[in-house]
2 protein chains.
Amino acid sequence: MAAQKPGIPKGTRDFSPLEMAKRNYIFNTIRSVYALYGFKQIETPAMENLSTLMGKYGEEGDKLLFKILNSGDFLHGMTPDEITGTSTLKLAAKLCEKGLRYDLTVPFARYVVQHREELNLPFKRYQIQPVWRADRPQKGRYREFYQCDADVVGSDSLLNEVELMQIIDSVFQKFGIRVCIKINNRKVLSGMAELIGRPDKLTDITIAIDKLDKIGLDNVKAELTANGLSQDEITRLEPVFAIKGDNSNKLAAVRELLKDNETGLKGIEELEFVLNTLQTLPIVNAIDFDLTLARGLNYYTGCIFEVKALDVQIGSITGGGRYDNLTGIFGMPGLSGVGISFGADRIFDVLNQLELYPKDIASAAQLLFINFGPKESAHCIQLASRTRQAGIRTEVYPDSVKMKKQMSYASNSNIPFVALVGEDEMKNNTVSLKNMETGEQRSLSIEEAISVILQ
Amino acid sequence: MAAQKPGIPKGTRDFSPLEMAKRNYIFNTIRSVYALYGFKQIETPAMENLSTLMGKYGEEGDKLLFKILNSGDFLHGMTPDEITGTSTLKLAAKLCEKGLRYDLTVPFARYVVQHREELNLPFKRYQIQPVWRADRPQKGRYREFYQCDADVVGSDSLLNEVELMQIIDSVFQKFGIRVCIKINNRKVLSGMAELIGRPDKLTDITIAIDKLDKIGLDNVKAELTANGLSQDEITRLEPVFAIKGDNSNKLAAVRELLKDNETGLKGIEELEFVLNTLQTLPIVNAIDFDLTLARGLNYYTGCIFEVKALDVQIGSITGGGRYDNLTGIFGMPGLSGVGISFGADRIFDVLNQLELYPKDIASAAQLLFINFGPKESAHCIQLASRTRQAGIRTEVYPDSVKMKKQMSYASNSNIPFVALVGEDEMKNNTVSLKNMETGEQRSLSIEEAISVILQ
């Protein structure tokens, strides 16, 4: 067979050791904070039944699902006419029973319903796994990427919202990324739609408002007109865009605006509880009640959040919100949930741009023993067994090749210390320990070398 | 839409919080030992080009690959005749450009060739990711399961074999699983096939020998006969089965047997180096030169290893070996490698059966604050913020429901400590800390409570 040119499918990535070290730093940081708040990890299979996934992400989403061809005779007696006479999407559903998960939310809802008998509600779960979407690949958008979700289901308490905001604050504090956490409430948006007499246009209104930052007021108005709102309705919406000030000013203004709207006032109350409670806690990052925050997903029903990095131009790096009926579609109505999702790929970029990764992240091993030959390396693997016992990540260069090659292996691998053990060192029971950063070289006992490296 | 009965594809699994805690314990233990030896983690995409995967696992393997239907118009102008007139496997290859990875070895070989310019050889990588096989699901065999591989490529040195055996020893020591590490060498097996004049029958001979343990000598002989070996050839092979004793006895006997066979002697030398070197190192588990160890995979060319648990009846829980030309198929010949793979699912079962998991593995949170109402919970979330600062995994029950319900949440979640903070405690600035195991309850300051929990 001719040799193949190796490659990977477009929109997918290999992760090199350095990239993995950075990604593990991100995942471990998020994981540790989730755990600190008592969230428990679960995992679900990469493949779900297509019936679990179809219809959950809109028509576009159905197309973007990766579908897995049934094993064996996947045409199972279909006639040629049936094959060519069926629409692509319907035929795909016949050839494929399974698909790759598209997010972690629908599999989680499926999990909760399927395992309802075993669950100890409220159920606080986190999940860090890849998802797949047959999107057109482009810069920063991949066909395989990780999501890092935490959700609480089975509790209506707003303390859950507070806790998730604390988690967001704590994670970005650990990363050293300065952020603004934006919060809004879907009930406030509903209230505004009701206020102008167009509750039917809630989605159009939220979508248009969501763009205020990007396209400006005039374009938002034009879009609302195009979506069938009258001049009068738009005029009645306009005070909303004029609301300014700190959180309590804005809350007061919106409360005044929505004073006769029950839904809207409920939303304001929820926001007040969350914001007031957060003021009693040691929160470091700014929290901003942002009336123009809408978030695209239809299933949100209460508080919604989004996080913007302050020092890098990039879209939202975390988001979430309260949903009241995610498990309904799987036959378990009335279970409220609230969750957040960290955007690991964007956080990766932000940490890169701001150079916020820990300094030693590029070093896999901390110590390399140079291999001078069979006798020396036989001695070195015994020393290495002691340095590893002391917790030092240690390599012994496996081949006795030229010193220069071994030194450049150490330097390319960012190994901070190199131990040279030749005949003299073996005789004297020492190692020559070279600090690769300073170039300094010292003759030490192995115990001394261990404490130098562990310093 | 009618509510769906939720389920997952056969052969796949959800992992509950307790299962995840156990799996993380396994993966983190393996990961930490790999890291201690300077191995670096990489990840490759779940989807590979089907051309990368096809033909690498034999005819049966091609059928067991999960194939992903092309997006969009996957029939792209095929005529009905073309569709029904093509064999299932060929048609699948037309409808599908991508497949799910089947193991971590082929993607790793592809990775090495694709990234050859960036690699710092010898390249020591580890990889812990799921793989997918459309096998018939059965007890202990899944369609999605994790592999935990470590390989060194770009070094012929037998020190790599030694290091991998140290890693195996160290991992099972950490788990507390007593094992026997079996070692053999493919060159010795080749030597034996050459010895009886049937190098063409190497595969049949190794497969038959591999079964000696299970089916006994007579059946092995019958199988060899059925595979076309003459009575005379089998008789000349028989001394091999009679070899007994400790490793050095067995090595001496095989050396004598193969004294005129260059390949075989090379294998013996390699084994002697590895076994002698290991004797100079603090290895805890037994290492057994086992002439009947063959391992199914064709690509092995040197030392091969397999690990058996001593206290549980189960197949091999780890395996590996040296291969001389894995990257050849992707156009990079002559690169030698050696690797091992831990069987996480079987190790999971062994740890369960022997009850070797750490005692606190079932506890996500260490402390739960009971919620007595809005005033009390507002106070408790501030205390929780201090216990978390101290590193204690803490929950505040979000709803002020009946005490009994909250206590049973704590006990079902295996939370070892519960803090009760009512009006009195708020007044006195104390918490009533209940040890859930002993039932003991003490009134303490938050600082005292923290040190009790951290004890």
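Are any residues in the range A:333-349 over 8 Å from the mean Cα position of the chain (by Cα) and part of a loop (DSSP other than H, G, I, E, B), and if so, which ones?
Result: A:PRO333, A:GLY334, A:LEU335, A:SER336.
Does any residue in the range B:374-385 that is among the hydroxyl-bearing types (Ser, Thr, Tyr) come within less than 7 Å, Cβ to Cβ, of a residue that is open to solvent by 20 Å² or more (accessible area, probe 1.4 Å) and not in a helix (DSSP H, G or I) six or more places away or on a different chain, and which pairs are these?
So the pair list comes out as B:SER377/B:SER400; B:SER385/A:PRO282.
With among the charged types (D, E, K, R) and in a loop (DSSP other than H, G, I, E, B) as the only criterion, which of B:LYS266, B:LYS244 stands out? Walk me through it before giving the result.
Working: B:LYS266 fails: in a loop (DSSP other than H, G, I, E, B).
Going through B:LYS266, B:LYS244 in turn, just one is among the charged types (D, E, K, R) and in a loop (DSSP other than H, G, I, E, B): B:LYS244.
Restricting the search to the range B:245-260, which residues are farther than 20 Å from B:THR206 by Cβ and under 36 Å from the mean Cα position of the chain (by Cα)? Walk me through it before giving the result.
Filtering the range B:245-260 for residues farther than 20 Å from B:THR206 by Cβ gives B:245-249, B:252, B:256, B:259-260.
Hits for the range B:245-260 are B:GLY245, B:ASP246, B:ASN247, B:SER248, B:ASN249, B:ALA252.
Taking B:PHE39, is it out of contact with any Leu (no Cβ under 8 Å at 6 or more places or on another chain), within 16 Å of A:TYR126 (Cβ to Cβ) and among the aromatic types (Phe, Trp, Tyr)? Give the derivation first.
Numbers: out of contact with any Leu (no Cβ under 8 Å at 6 or more places or on another chain): yes; within 16 Å of A:TYR126 (Cβ to Cβ): no; among the aromatic types (Phe, Trp, Tyr): yes.
No.
In the range B:203-217, what residues are in contact with a helix residue (DSSP H, G or I) (Cβ under 7 Å, 6 or more places away or on another chain), part of a helix (DSSP H, G or I) and either among the polar types (S, T, N, Q) or surrounded by fewer than 16 Cβ atoms within 10 Å (Cβ to Cβ) (or both)?
B:THR206, B:LEU217
Output the residues belonging to the range B:9-42 that are of a type outside the set (Lys, Arg), under 29 Å from A:TYR409 (Cβ atoms), open to solvent by 20 Å² or more (accessible area, probe 1.4 Å) and within 9 Å of another protein chain (Cβ to nearest Cβ).
Residues of the range B:9-42 of a type outside the set (Lys, Arg): B:9, B:11-12, B:14-21, B:24-30, B:32-39, B:41-42.
Adding the requirement that they be under 29 Å from A:TYR409 (Cβ atoms) leaves B:27-30, B:32-39, B:41-42.
Imposing the further condition that a residue be open to solvent by 20 Å² or more (accessible area, probe 1.4 Å) reduces the set to B:28, B:32, B:35-36.
Once the filter is applied, which keeps residues that are of a type outside the set (Lys, Arg), under 29 Å from A:TYR409 (Cβ atoms), open to solvent by 20 Å² or more (accessible area, probe 1.4 Å) and within 9 Å of another protein chain (Cβ to nearest Cβ), the range B:9-42 yields B:ALA35, B:LEU36.
Would you please name the residue that is farthest from the other protein chains (Cβ to nearest Cβ), looking only at residues in the range B:58-74 that are out of contact with any Lys or Arg (no Cβ under 7 Å at 6 or more places or on another chain) and touching a residue at least 40 places away in the same chain (Cβ under 8 Å)? Lay out the reasoning, then the answer.
The first filter runs over the range B:58-74 and keeps only residues out of contact with any Lys or Arg (no Cβ under 7 Å at 6 or more places or on another chain), leaving B:58-63, B:65-67, B:70-74.
Next, from what is left, pick out any that are touching a residue at least 40 places away in the same chain (Cβ under 8 Å): B:61, B:63, B:65-66.
Values: B:GLY61: 13, B:LYS63: 7, B:LEU65: 9, B:PHE66: 5 Å.
So, considering only residues that are out of contact with any Lys or Arg (no Cβ under 7 Å at 6 or more places or on another chain) and touching a residue at least 40 places away in the same chain (Cβ under 8 Å), the one farthest from the other protein chains (Cβ to nearest Cβ) is B:GLY61.
Taking the range B:14-54, which residues are at pLDDT 95 or above, of a type outside the set (Asp, Glu) and part of a loop (DSSP other than H, G, I, E, B)?
Listed by number, the residues that qualify are B:SER16, B:TYR37, B:GLY38, B:PHE39, B:ILE42, B:THR44, B:PRO45, B:ALA46.
Determine which single condition B:ASP200 fails, assuming it passes every other condition in (1) open to solvent by 40 Å² or more (accessible area, probe 1.4 Å); (2) in contact (Cβ under 8 Å) with a residue 60 or more places away in the chain; (3) part of a helix (DSSP H, G or I).
Evaluating B:ASP200 over (1) open to solvent by 40 Å² or more (accessible area, probe 1.4 Å); (2) in contact (Cβ under 8 Å) with a residue 60 or more places away in the chain; (3) part of a helix (DSSP H, G or I) leaves (2) as the failure.
Consider the range B:55-83. How many of its residues are among the basic types (Lys, Arg) and either outside any loop (DSSP other than H, G, I, E, B) or over 25 Å from the mean Cα position of the chain (by Cα) (or both)? Break it down into steps so the answer makes sense when it comes.
From the range B:55-83, those among the basic types (Lys, Arg) are B:56, B:63, B:67; that's our starting set.
Pick out the ones that are also either outside any loop (DSSP other than H, G, I, E, B) or over 25 Å from the mean Cα position of the chain (by Cα) (or both) and you get B:63, B:67.
Matching residues across the range B:55-83 total 2.
Regarding B:SER341, is this residue surrounded by 14 or more Cβ atoms within 10 Å (Cβ to Cβ), of a type outside the set (Asp, Glu) and free of Cβ contacts under 8 Å to residues at least 24 places away in the same chain?
For B:SER341, the condition - surrounded by 14 or more Cβ atoms within 10 Å (Cβ to Cβ), of a type outside the set (Asp, Glu) and free of Cβ contacts under 8 Å to residues at least 24 places away in the same chain - is not met.
Among the residues of the range A:70-85, which ones are on the phi > 0 side of the Ramachandran plot and open to solvent by less than 60 Å² (accessible area, probe 1.4 Å)?
A:GLY72
State all residues of the range A:381-425 that are among the acidic types (Asp, Glu) and either closer than 20 Å to B:ASN160 by Cβ or facing another protein chain (nearest Cβ under 8 Å) (or both); if no residue qualifies, say none.
Step one: of the range A:381-425, the residues among the acidic types (Asp, Glu) are A:395, A:399, A:423-425.
Selection gives A:GLU395, A:ASP399.
Among the listed residues B:GLN114, B:GLN138, B:GLN173, which satisfies the condition of being closer than 21 Å to B:TYR37 by Cα, assigned by TED's automatic domain parsing to the domain that holds B:ASN298 and either at pLDDT 95 or above or not basic (Lys, Arg) (or both)? Write out each step before concluding.
Numbers: B:GLN114 fails: closer than 21 Å to B:TYR37 by Cα; B:GLN138 fails: closer than 21 Å to B:TYR37 by Cα.
Residue meeting the stated conditions: B:GLN173.
When the range B:219-235 is examined, which residues are found to be assigned to a helix (DSSP H, G or I), polar (S, T, N, Q) and more than 35 Å from the chain's Cα centre (by Cα)? Write out each step before concluding.
First pass over the range B:219-235, keeping only residues assigned to a helix (DSSP H, G or I): B:219-226, B:231-235.
Those left that are additionally polar (S, T, N, Q): B:219, B:225, B:231, B:235.
Once the filter is applied, which keeps residues that are assigned to a helix (DSSP H, G or I), polar (S, T, N, Q) and more than 35 Å from the chain's Cα centre (by Cα), the range B:219-235 yields B:THR225, B:GLN231, B:THR235.
Would you mind stating whether A:GLY55 is out of contact with any Lys or Arg (no Cβ under 6 Å at 6 or more places or on another chain) and of a type in the set (Gly, Ala, Ser)? I'd like the intermediate steps shown before the answer.
Numbers: out of contact with any Lys or Arg (no Cβ under 6 Å at 6 or more places or on another chain): yes; of a type in the set (Gly, Ala, Ser): yes.
Yes.
Give the range B:130-146 a look and list any residue that's in contact (Cβ under 8 Å) with a residue 60 or more places away in the chain and under 18 Å from B:ASP14 (Cβ atoms), or say none.
B:PRO130, B:TRP132, B:PRO137, B:GLY140, B:ARG141, B:TYR142, B:ARG143, B:GLU144, B:PHE145, B:TYR146 - these are the residues of the range B:130-146 that are in contact (Cβ under 8 Å) with a residue 60 or more places away in the chain and under 18 Å from B:ASP14 (Cβ atoms).
Scan the range B:272-286 and give yes if some residue there is in contact with a Pro (Cβ under 8 Å, 6 or more places away or on another chain) and either surrounded by 17 or more Cβ atoms within 10 Å (Cβ to Cβ) or closer than 15 Å to B:ASN184 by Cβ (or both), otherwise no. Can you show your working first?
Initial filter on the range B:272-286 (in contact with a Pro (Cβ under 8 Å, 6 or more places away or on another chain)): none.
So far as the range B:272-286 goes, no, none of its residues is in contact with a Pro (Cβ under 8 Å, 6 or more places away or on another chain) and either surrounded by 17 or more Cβ atoms within 10 Å (Cβ to Cβ) or closer than 15 Å to B:ASN184 by Cβ (or both).
For A:ILE68, state whether it is modelled with pLDDT of 95 or more and outside the structural domain of A:GLY140 (by TED's automatic domain parsing).
On the way: modelled with pLDDT of 95 or more: yes; outside the structural domain of A:GLY140 (by TED's automatic domain parsing): yes.
Yes; evaluated as a whole, the condition is true for this residue.
For the range B:122-136, name all the residues that are outside any loop (DSSP other than H, G, I, E, B) and within 27 Å of B:SER336 (Cβ to Cβ). If you could, list the steps in order and put the result at the bottom.
Taking the range B:122-136 first, the residues outside any loop (DSSP other than H, G, I, E, B) are B:123-132.
Within the range B:122-136, B:PHE123, B:LYS124, B:ARG125, B:TYR126, B:GLN127, B:ILE128, B:GLN129, B:VAL131 meet the criteria.
Going through the range B:51-68 one residue at a time, which ones are open to solvent by 10 Å² or more (accessible area, probe 1.4 Å) and touching a helix residue (DSSP H, G or I) at 6+ places or on another chain (Cβ under 8 Å)?
Answer for the range B:51-68, where residues must be open to solvent by 10 Å² or more (accessible area, probe 1.4 Å) and touching a helix residue (DSSP H, G or I) at 6+ places or on another chain (Cβ under 8 Å): B:MET54, B:GLY55, B:LYS56, B:TYR57, B:ASP62, B:LYS63, B:LYS67.
Can you name the residue in the range A:128-164 that is in contact with a strand residue (DSSP E or B) (Cβ under 6 Å, 6 or more places away or on another chain) and hydrophobic (A, V, I, L, M, F, W, C) and, of all such residues, is nearest to B:ALA384 (Cα to Cα)?
So, considering only residues that are in contact with a strand residue (DSSP E or B) (Cβ under 6 Å, 6 or more places away or on another chain) and hydrophobic (A, V, I, L, M, F, W, C), the one nearest to B:ALA384 (Cα to Cα) is A:LEU164.
Within the range A:417-425, is even one residue part of a helix (DSSP H, G or I) and surrounded by fewer than 18 Cβ atoms within 10 Å (Cβ to Cβ)?
Initial filter on the range A:417-425 (part of a helix (DSSP H, G or I)): A:423-425.
Keeping just the survivors that are surrounded by fewer than 18 Cβ atoms within 10 Å (Cβ to Cβ) gives A:423-424.
Looking for residues that are part of a helix (DSSP H, G or I) and surrounded by fewer than 18 Cβ atoms within 10 Å (Cβ to Cβ), one finds at least one in the range A:417-425, hence yes.
List the pairs whose first member sits in the range A:75-101 and is over 18 Å from B:ILE68 (Cα atoms) and more than 7 Å from every other protein chain (Cβ to nearest Cβ), whose second member is in a helix (DSSP H, G or I) and open to solvent by 70 Å² or more (accessible area, probe 1.4 Å), and whose Cβ atoms are under 8 Å apart, counting only residues at least 6 apart or on separate chains?
A:MET78/A:LYS94; A:THR86/A:LYS94
When only residues in the range B:86-129 that are of a type in the set (S, T, N, Q) and over 25 Å from B:ASN28 (Cα atoms) count, which is surrounded by the fewest Cβ atoms within 10 Å (Cβ to Cβ)? Steps first, answer last, please.
Narrowing the range B:86-129 to residues of a type in the set (S, T, N, Q): B:86-88, B:105, B:114, B:120, B:127, B:129.
Still in the running and over 25 Å from B:ASN28 (Cα atoms): B:86-88, B:114, B:120.
On the way: B:THR86: 16, B:SER87: 8, B:THR88: 14, B:GLN114: 19, B:ASN120: 16.
Among those residues, the one meeting the criterion is B:SER87.
The values are calculated or read from the model by the stated rules, or taken from the named source; none is laboratory data. None of these values were measured; they are calculated from a predicted model. Ideal geometry is used to build each Cβ from the backbone, glycine not excepted, and the neighbour counts take in all protein chains shown. Side chains are part of the model used for accessible areas, which takes the heavy atoms of the whole protein and leaves out ligands, DNA and RNA. Shrake-Rupley method; radii C 1.70, N 1.55, O 1.52, S 1.80 Å.
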